[in-house]
Amino acid sequence: MNRVINLSTHVLAILWALPLFGIIYMAFKDTKVEGFSVTIHNFIEAWNSAPFAQYYLNTFIIVIGILAVQLVTITLAAYVFARMNFVGQGIVFLLYLVQIMIPIELLIFPNSSTIAQLGIYDTKLAIMIPYFISAFGIFLLRQTFKGIPYELEEAAKMEGCNRIQTIWHVYVPLAKPTYIAFGLISVSGQWSNFLWPLIITDSDSNRPLTVGLAMFAKASDSGAQWGVVAAATLFVILPLLLAFFLFQRQFISSFMHSGIK
Amino acid sequence: MRISERMKENVTSWLFLLPSLIFLIMFTLYPMIKTAYLSFFQSDLSTDKPIFIGLKNFKMMMEDEVFRKAFINNIWFAIGTIPTSVALGMVLAILVNRKIKGSALARTFFFYPVVIPMVSAAFIWLFFYTPEYGMINKLLTLFGAGELNLLGNSSTVLIAIIVMVIWKEAGFFMIFYLAALQNIPKDLIEASHIDGASKWIQFRKIVFPLLMPTTIFSFVIATTNAFKTIDQLVVMTQGGPNNASNLLLYYIYESTFRFMDYGKAAAATIVVLVIMVVIAAIQFFGTDRKIHYS
């Protein structure tokens with residue numbers, strides 16, 4: 001019985017891995033010859049026929065830009081919800097909960113018109129701006145902040161720290177694991193974002209990798225080109241996969257962390 | 001003194017909330033109100049200014065064959081993806097939680113689809129599904145079976161997409177279940193073992209009930225996902241053939257950016273928002289507060 005279970009674990013794992021090996025095989029396969037011979041020609045052709053370097057740069061700027069702003073906004077809001085009392089607290093807290101209920105992805109229609117009204121259509125700012133706040137991040141961090149002993153805050157006050165200094169010197173260092181967890185989830189999520197940047201951009205100078213890949217594939221829509229599209233797909237997923245394989249423990253514990261409330 | 005201090009705390013609180021509140025209002029709260037408002041107006045290429053038409057957008061939407069199809073498809077899509085990927089997540093977690101050779105590697109393989117973008121996953125599966133070149137067809141022809149155009153056939157396209165989404169999502173739920181499994185007290189399992197309970201009884205009477213909060217949490221996430229992710233449709237099917245793989249958000253996307261029918265897009269957005277609120281209400285009132293965010 002145990003043997004059967006072990007075997008089925010392995011069979012399932014192989015099934016799950018097949019798509020990855022499939023795409024690697026296609027990307028390295030030389031389509032010009034019968035049978036299988038390894039070539040990097042597909043990668044060179046993909047790299048040369050679309051501005052992938054630009055896409056990489058755009059994705060980096062977008063992902064880092066979003067995270068940088070998020071870290072500031074979620075820290076301040078999480079601190080308020082964890083430690084401060086103010087008039088209107090209950091209602092404001094509910095407003096933030098709304099964003100957990102209604103994912104921003106569903107609001108593509110009204111948000112795209114807001115972007116047009118702001119006059120920032122087809123900019124990197126337009127891709128980033130709706131994500132400058134993450135209610136998920138705020139609640140995650142609030143939970144951590146609440147677990148930090150209040151005596152530490154009082155001690156900091158005695159030393160003459162103001163609120164900002166207290167947050168910076170007491171709360172931020174102690175919440176490092178939560179920041180790492182949130183950072184990994186934010187970065188991998190934004191790296192993967194597709195529909196919003198597709199809607200809101202119109203030029204290669206602003207398109208992230210995901211949108212660039214889709215545009216590129218649409219342009220080369222025939223079977224003979226598939227090795228090239230496979231290579232381009234690997235451009236998009238390789239950094240994520242590498243990071244995942246290298247920091248697997250961290251990745252998995254981050255996602256675990258996010259699930260237990 | 002005390003009053004001025006309380007005053008100060010109030011001001012500081014609002015000051016600290018301001019940066020996040022601005023973006024929350026701009027891109028979550030205001031758009032919801034605007035959408036609700038717009039759903040009562042005719043606003044498309046033929047109108048200069050939005051014209052108030054009451055509930056006509058909703059009526060037209062209900063009569064729209066494509067909307068009805070997208071709605072029904074989305075329900076099938078939800079039924080096809082939610083229980084399967086959650087159940088599979090549980091099974092995978094139980095499988096890799098045992099200390100056997102290769103279980104760490106197996107966990108890696110189950111989880112990597114979660115990390116990669118949906119668009120690239122869509123391309124990978126496109127290679128699998130496509131006739132002639134696709135790997136599934138190559139396998140079929142190897143066994144002498146005929147050609148199968150899974151994405152081009154309206155009776156198979158939704159199933160093909162469901163399979164791909166299950167592959168992409170199951171590992172995500174596996175992680176939640178792994179965390180929950182590791183929190184189950186070992187002596188509980190040992191005690192039942194001493195009492196002579198079989199593995200199946202152990203699972204049914206101890207493990208499964210203890211995993212219930214995780215199951216509910218996963219169901220909520222999976223349900224939200226079933227309505228908010230349509231990247232794969234843009235790449236694989238464009239909602240076709242014959243709208244057989246059209247989903248609600250894709251319908252909104254097309255109404256907005258292809259047909260520029262903003263009244264209709266607003267009405268359809270309202271439908272999705274109502275579904276989300278219902279799900280949230282079920283979660284809030286129907287479950288233990290412990291697994292809620294507050």
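The values are calculated or read from the model by the stated rules, or taken from the named source; none is laboratory data. Small disclaimer: the values here were computed from a predicted structure and weren't measured. Quick reminder, even Gly has a Cβ in these numbers, built from the backbone with ideal geometry, and neighbours come from all protein chains shown.
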query: Of the numbered conditions (1) within 12 Å of chain A (Cβ to nearest Cβ); (2) at positive phi, B:P131 satisfies every one except a single condition; which is it?
result: (2)
- prompt: Here are some residues: B:S245, B:S218. Which one is under 18 Å from the mean Cα position of the chain (by Cα) and either facing chain A (nearest Cβ under 8 Å) or closer than 30 Å to A:A78 by Cβ (or both)?
  reply: B:S218
message: Report every pair of residues separated by at least 6 positions or lying on different chains whose Cβ atoms are under 9 Å apart, first residue within region B:228-241 and more than 13 Å from every other protein chain (Cβ to nearest Cβ) and part of a loop (DSSP other than H, G, I, E, B), second surrounded by fewer than 20 Cβ atoms within 10 Å (Cβ to Cβ) and among the hydroxyl-bearing types (S, T, Y).
response: B:G240/B:S154; B:P241/B:S154
query: Inside region A:1-39, can you point out the residues that are exposed (fewer than 12 other Cβ atoms within 10 Å of the Cβ) and touching a helix residue (DSSP H, G or I) at 6+ places or on another chain (Cβ under 7 Å)?
result: A:V38
- prompt: Do we find a residue being closer than 19 Å to B:L17 by Cα, in contact (Cβ under 8 Å) with a residue 40 or more places away in the chain and not hydrophobic (A, V, I, L, M, F, W, C) anywhere in region A:105-121?
  reply: no
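Matching residues to (1) in a helix (DSSP H, G or I); (2) over 22 Å from B:I175 (Cα atoms); (3) at the interface with chain B (Cβ under 7 Å from one of its Cβ atoms):
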| position | (1), (2), (3) |
| --- | --- |
| A:T178 | yes, no, no |
| A:I185 | yes, no, no |
| A:D204 | no, yes, no |
| A:G212 | yes, yes, no |
| A:V228 | yes, yes, no |
| A:A231 | yes, yes, no |
| A:L240 | yes, no, yes |
| A:F245 | yes, no, no |
| A:M256 | yes, no, yes |
- prompt: In region A:105-124, how many are within 11 Å of another protein chain (Cβ to nearest Cβ) and either of a type in the set (A, V, I, L, M) or within 28 Å of B:T224 (Cα to Cα) (or both)?
  reply: 12
- request: Within region A:1-57, work out how many residues are assigned to a helix (DSSP H, G or I), in contact with a Lys or Arg (Cβ under 9 Å, 6 or more places away or on another chain) and more than 10 Å from chain B (Cβ to nearest Cβ).
  value: 4
statement: Counted residues in region A:49-87 being surrounded by fewer than 17 Cβ atoms within 10 Å (Cβ to Cβ) and closer than 19 Å to B:M26 by Cβ come to 2
message: Conditions first: (1) crowded, with 19+ Cβ neighbours inside 10 Å; (2) of a type in the set (V, I, T); (3) at the interface with chain B (Cβ under 7 Å from one of its Cβ atoms). A:I127 passes all but one, so which condition is the exception?
response: (3)
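For every residue, the table says whether it meets (1) more than 8 Å from chain A (Cβ to nearest Cβ); (2) farther than 27 Å from A:R142 by Cβ; (3) in contact (Cβ under 8 Å) with a residue 40 or more places away in the chain.
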site	(1), (2), (3)
B:M7	yes, no, no
B:V11	yes, no, no
B:L18	yes, no, no
B:L21	no, no, no
B:Y30	no, no, no
B:S39	yes, yes, yes
B:F67	yes, yes, yes
B:W76	yes, yes, yes
B:G80	yes, yes, yes
field: Single match in A:Q165, A:Q190 (criterion: within 14 Å of chain B (Cβ to nearest Cβ), under 17 Å from B:T12 (Cα atoms) and among the polar types (S, T, N, Q))
entry: A:Q165
- request: Check off (1) away from every other protein chain (no Cβ under 14 Å); (2) touching a residue at least 24 places away in the same chain (Cβ under 8 Å) for A:A155 and give me the number that stays unchecked.
  value: (2)
statement: Taking region B:48-64 and keeping residues of a type in the set (D, E) and in contact (Cβ under 8 Å) with a residue 60 or more places away in the chain leaves B:D64
- line: Flagged pairs (Cβ under 6 angstrom, 6 or more apart or on separate chains; first in region B:260-287, within 23 Å of B:F219 (Cβ to Cβ); second of a type outside the set (A, V, I, L, M, F, W, C) and in a helix (DSSP H, G or I)) are B:I279/B:T223
message: If the requirement is being under 21 Å from A:F139 (Cα atoms), out of contact with any Gly (no Cβ under 6 Å at 6 or more places or on another chain) and facing chain A (nearest Cβ under 8 Å), which of these qualifies: B:T224, B:T256?
response: B:T224
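Answer yes or no: is there a residue in region A:28-42 that is within 30 Å of B:Y129 (Cα to Cα), basic (K, R) and free of Cβ contacts under 8 Å to residues at least 24 places away in the same chain. Spell out how you get there, then give the answer.
Looking only at region A:28-42, we keep the residues that are within 30 Å of B:Y129 (Cα to Cα), and these are A:28-42.
Subsequent filtering for residues that are basic (K, R) retains A:29, A:32.
Of the ones still in play, those that are also free of Cβ contacts under 8 Å to residues at least 24 places away in the same chain are A:32.
Yes.
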query: What's the number of the condition B:P209 fails, among (1) surrounded by 17 or more Cβ atoms within 10 Å (Cβ to Cβ); (2) more than 12 Å from chain A (Cβ to nearest Cβ); (3) modelled with pLDDT of 90 or more?
result: (1)
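Test of understanding: among B:I124, B:I136, which residue is without any contact (Cβ under 8 Å) to a residue 60 or more places away in the chain, within 14 Å of chain A (Cβ to nearest Cβ), β-branched (V, I, T) and surrounded by fewer than 22 Cβ atoms within 10 Å (Cβ to Cβ)? Don't jump to the end; show me each part of the working.
Numbers: B:I124 fails: surrounded by fewer than 22 Cβ atoms within 10 Å (Cβ to Cβ).
The unique qualifying residue is B:I136.
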